[in-house]
Amino acid sequence: MEVFLIRLLQFLLAISLLVLLHELGHFTFAKIFKVRVNKFYLFFNPKFHIVSTYDTWVRRLFKMKPEVVPTKEVEVETKKGEAPKKVLEKEYVGTEYGLGWLPLGGYCAIDGMIDETNQQLSEETHPWEFRTKPTWQRLLIMIGGVLVNFLLALFIYSMVLYHWGDDYIEPSNMTMGMKFNDDAKALGFKDGDILLSADGEAFKKFDIDLYRTLSTAHEVEIKRNGQTQKVNLPGDMNLLNMLKATPTFVAPLIPAEIDSVLPGTPAEKAGMKAGDRILSINGQAVDSWNEFTYEMGRISDVLAVKTTRADSLRERQVQVSFLSKEKGEADTVRLQLTPDLKLGVLQANLYTFYKETHCSYGFFESFPAGIQYGLDVLRGYVGDMKYVFTSEGAKSLGGFGAIGSLFPPVWDWMLFWRMTAFLSIILAFMNILPIPALDGGHVLFLLYEMVTGRKPSDKFMVVAEYIGFGFILLLMIVANLNDILRWLGMM
């Protein structure tokens, strides 16, 4: 429960910040071009809101003059004998600020614009409305949110590099090598191989980019038994299959050394301690955490088809052999795993066994480095989008639960800010897609207007808005349904 709450708080904090600044991007450009903003809300507020206030209070607090605009010309009474006098009637155009109760986003309701907050426009137009402004101004208002999210991500990455630097382990320094699955071994890899480069480009980090590079590589240089060798690859491997395979295509070899034992767990009751090394599970040799994860996965698969409680209890009883650091000898115990198949041990950190590389950045150095880091993240994310349109890709979609699980189980500010920057890039990219109801849909219609000189009709825009909103809603349902199915163990 504690881990769940920590991740939930991180998720809500990150989403609140990103949504607030995204809508502030639209809001700022709207105010620059003197477009009326009716409402500015963090989170949605169907039926009711938690709190709201009009900006008259903001203006009074800071002693600002009320914002008024001319609406129409009206006649006013004059003294007897004088001709009727016409004056411009003025209207207060304050914004309602509020906090909704449904934390799924937020909105900036711009007057004179067809979106999810306003589907009907009056025939009478006013100079402060979105629809009366030049096309280039409307375009800037629409891309304001995406622009803020993208720049925010680059800024966060820069500040993370400035404050914490960058810590990683180069694959060439993983002296015990890597573990490969059967698909990788069929291509010529062997357990213990050290990945050096692909198509002449050296691997810098063991991360998602390494997998991307391997998926398109034709020749990989490795070190095997101290000798440099080359392995030929097809150049068109499916990245999604490489990542989803159990075990994955390649993973760093991490010796099965126990970092710590959780209190009250089967491992503690069996006498296992920090520093001990697991040797086997149910007679299957385990020389690394890679094998440990695989063997636990096999137990989970067997347990999934058991129908009775007695069968489940029987499968949860496992025989574990481990080398005691304290005694200096092997010991074998029989224990029963928890209902969620936990032994109660935490694996030793990768940095325990391999040389770490640390890069520090000065304040001004951090900006080009952060920008390059952010662009690399965006490039990789865009490149992976092609898998979304496959059956396996659709199954890999994740909703709020999947996003929340990406945050660390403990509160780590560096990881939190890295994750927030990543989500900011995703939010920017997804919002600029040319889908009606998203910013990109409005941008598409504005570009059409700029090229052809013709504005799409209000009726067309309303229909497009409904279609786009329906598509987004369907996508959200599928993504969150996938989360539920994974939680139930059905996917």
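The values are calculated or read from the model by the stated rules, or taken from the named source; none is laboratory data. No experiment lies behind these values; they were computed from the predicted model shown. For neighbour counting, all protein chains shown are included, and Cβ atoms are generated from backbone atoms with ideal geometry for every residue, glycine included. What goes into the accessible areas is simple: the full protein's heavy atoms, side chains included, and nothing from ligands, DNA or RNA. Shrake-Rupley method; radii C 1.70, N 1.55, O 1.52, S 1.80 Å.
Counting protein heavy atoms only, the chain has 61 percent of its accessible area on carbon and sulfur, 1.4 angstrom probe. When nucleic acids and ligands are ignored and a 1.4 Å probe is applied, Met385 ends up with an accessible area of around 40 Å². For the range 121-209, the list of GluC sites (Glu not before Pro) that fall in a loop by DSSP and count at most 16 other C-beta atoms within 10 angstrom reads Glu123, Glu124. Taking every alpha-carbon pair under 8 Å whose residues sit at least 6 apart, the range 113-197 reaches a relative contact order of 17 percent.
One way to sum up the overall shape of the range 238-309 is the equivalent ellipsoid from its Cα gyration tensor, whose semi-axes run 24, 19, 11 Å, largest first. For Thr125 and Val388, a Förster radius of 30 Å and the Cβ-Cβ distance give a FRET efficiency of 0.15, rounded to the nearest 0.05.
Relative to the dominant Cα principal axis of the chain, helix 413-432 is inclined by about 50°. Residues of the range 328-347 with an amide N closer than 18 Å to a point placed 7 Å from the Cα of Ala304 along the Cα-to-Cβ direction: 339-342. Across Val160, Val377, the residue with the most accessible area heads the list, and the full order at a 1.4 Å probe is Val377, Val160. Amide H to amide H distances under 5 Å link Phe43 with Gly100, Gly105, Gly106, Tyr107, where only residues 5 or more positions off or on other chains count and H is placed in the peptide plane.
Length gained on full extension, His218 to Arg334: 37.1 nm, using 0.36 nm per residue less the C-alpha separation. Secondary-structure-derived ellipticity at 222 nm for the chain, considering helices only, amounts to -14000 deg cm²/dmol, per-run term -39500 (n - 2.57) for DSSP H runs with n ≥ 4.
Leu474 sits with roughly 100 Å² accessible to a 1.4 Å probe, with DNA, RNA and ligands left out of the calculation. Each residue of the range 358-365 was assigned a 3J(HN,Hα) from its phi angle through the Karplus curve 6.51 cos²θ - 1.76 cosθ + 1.60 (θ = phi - 60°); the sequence is 10, 10, 9, 10, x, 4, 6, 5 Hz, with glycine and proline shown as x.
Accessible surface calculations at 1.4 Å, restricted to protein heavy atoms, place the chain at 56 Å² per residue.
Across the chain, C-alpha contacts under 8 Å between residues 6 or more apart give a mean separation that, scaled by the residue count, equals a relative contact order of 17 percent. Each residue, Leu279 and Leu12, gets one label point 7 Å from its Cα in the Cβ direction; the gap between the two is 4.9 nm.
Pairs of Cα atoms under 8 Å, at least six residues apart: use those to get the relative contact order of the range 318-386, whole percent.
Once divided by the residue count of the range 318-386, the mean separation gives 17 percent.
Legend: residues Val261, Val463, sorted from most to least accessible area (1.4 Å probe; ligands, DNA and RNA excluded), read Val463, Val261.
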